[in-house]
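The values are calculated or read from the model by the stated rules, or taken from the named source; none is laboratory data. Keep in mind it's a predicted model, so treat the numbers as computed, not measured. Using ideal geometry, Cβ is built from the backbone for each residue, glycine included, and neighbour counts are taken over all protein chains shown. Each accessible area value is taken on the protein alone, full model and side chains, heavy atoms only, with ligands, DNA and RNA left out. Shrake-Rupley method; radii C 1.70, N 1.55, O 1.52, S 1.80 Å.
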Amino acid sequence: MSESELYKDLGSLTKDKNRWKESIPYVSSLLTHESVKIQAKVLWLLGEMGLEYPQEVEDKIPAITSFCDSTEPLLRERAVNALGRIGRSNYPAIEPFWKELFRFADDEEPKVRLSFIWASENIATNTPGIYENHMPVFEKLLHDEDDKVRMEAPEIFRVLGKRRPEFVSPYLERLKEISETDDNRVVRIHCLGAIKVTTKI
C-alpha cells in the first residue's frame, strides 16, 4: 500500500469508531512506518482511540512517548496531544510521563507549545488537582510571542477555574489586564471567559 493509500485508509478508520477497538494493534504497528505523515496520523488516531479505549492503548504509551524526543516538530506535537487525550480518560496510565510534558512549555516550535496547553486542558478536565503547583508555567504562556499560543493559554485557566478556582484566583488580575490590553481579540475573549468561570460572574 502506498503512503497516500495508507493515509486514506487511516482517514476512513478515523471516521469509523466501531472499528477502533479491534484496530488498535494494527494502528500501533504503523508507528514504525518510515513516513512522518503516517506516523503523525497514527499518533493522533491513537490519542483519540485512547480516549475511548484507555486500557487497550496503555501498553502503547511508551512507544507514543518516544516520539516526544523526535527532531520532527509535528511528531512531538502529535505525541503530546496523544498523551493528553489518553490522560484525560486514564491519568494513571500516563502519570510516569506527566512531569516530562512540562518541558514542552518551552519548546522552540509554537505548535508544540500549543499542544502542551491543549494536552494539559485534557488531563485537567478529570484530574485537576495535579496542576496546583504548576500554574506559573501557564502564566508565562499567557505572554507567549505566538498569537495562537496566547489564544489557547487562557483556556487552561478556564478549565481549572471551573474545577479548582483557587488555583486560578491568584492570576485573576493578570487575566483582567490581558483581557483589556492584548491586541488579539480572541486572547481578550478567552481571558474574560477564564475570569467569568473562576469568579462565577
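Some points to look at:
- Only a single item in (1) open to solvent by 60 Å² or more (accessible area, probe 1.4 Å); (2) in contact (Cβ under 8 Å) with a residue 24 or more places away in the chain is not met by Val112, and it is number (1).
- Options Val187, Val137: the member that is assigned to a helix (DSSP H, G or I) and open to solvent by less than 30 Å² (accessible area, probe 1.4 Å): Val187
- The C-beta contact set for the range 1-21 (first residue among the basic types (Lys, Arg), second residue open to solvent by 30 Å² or more (accessible area, probe 1.4 Å), distance under 8 angstrom, 6+ apart or interchain) comprises Lys17/Glu52; Lys21/Glu52; Lys21/Tyr53; Lys21/Glu56.
- Test: residue in the range 86-94 that is farther than 26 Å from Leu160 by Cα and open to solvent by less than 70 Å² (accessible area, probe 1.4 Å): no
- Within the range 1-46, the residues that satisfy the criterion of being open to solvent by 50 Å² or more (accessible area, probe 1.4 Å), within 17 Å of Ile64 (Cα to Cα) and polar (S, T, N, Q) are Ser29, Thr32.
- Qualifying residue in the range 153-170 (condition: under 14 Å from the mean Cα position of the chain (by Cα) and open to solvent by 20 Å² or more (accessible area, probe 1.4 Å)): yes
- Taken as a whole, the condition of being closer than 16 Å to Val168 by Cβ, within 15 Å of the chain's Cα centre (by Cα), surrounded by 18 or more Cβ atoms within 10 Å (Cβ to Cβ) and at pLDDT 95 or above applies to Ser120.
- Candidates Glu173, Glu109, Glu177 - the one that is of a type in the set (Asp, Glu) and under 30 Å from Pro96 (Cβ atoms): Glu109
- Restricting the range 141-152 to residues that are in a helix (DSSP H, G or I) and under 24 Å from Lys200 (Cα atoms), the residue that is least open to solvent (accessible area, probe 1.4 Å): Leu141
- Applying a threshold of 7 Å to beta carbon distances and a minimum spacing of six or more residues, or different chains, the list of pairs starting in the range 87-107 at a residue that is at pLDDT 95 or above and part of a helix (DSSP H, G or I) and ending at one that is open to solvent by less than 100 Å² (accessible area, probe 1.4 Å) and among the acidic types (Asp, Glu) reads Ala93/Glu58.
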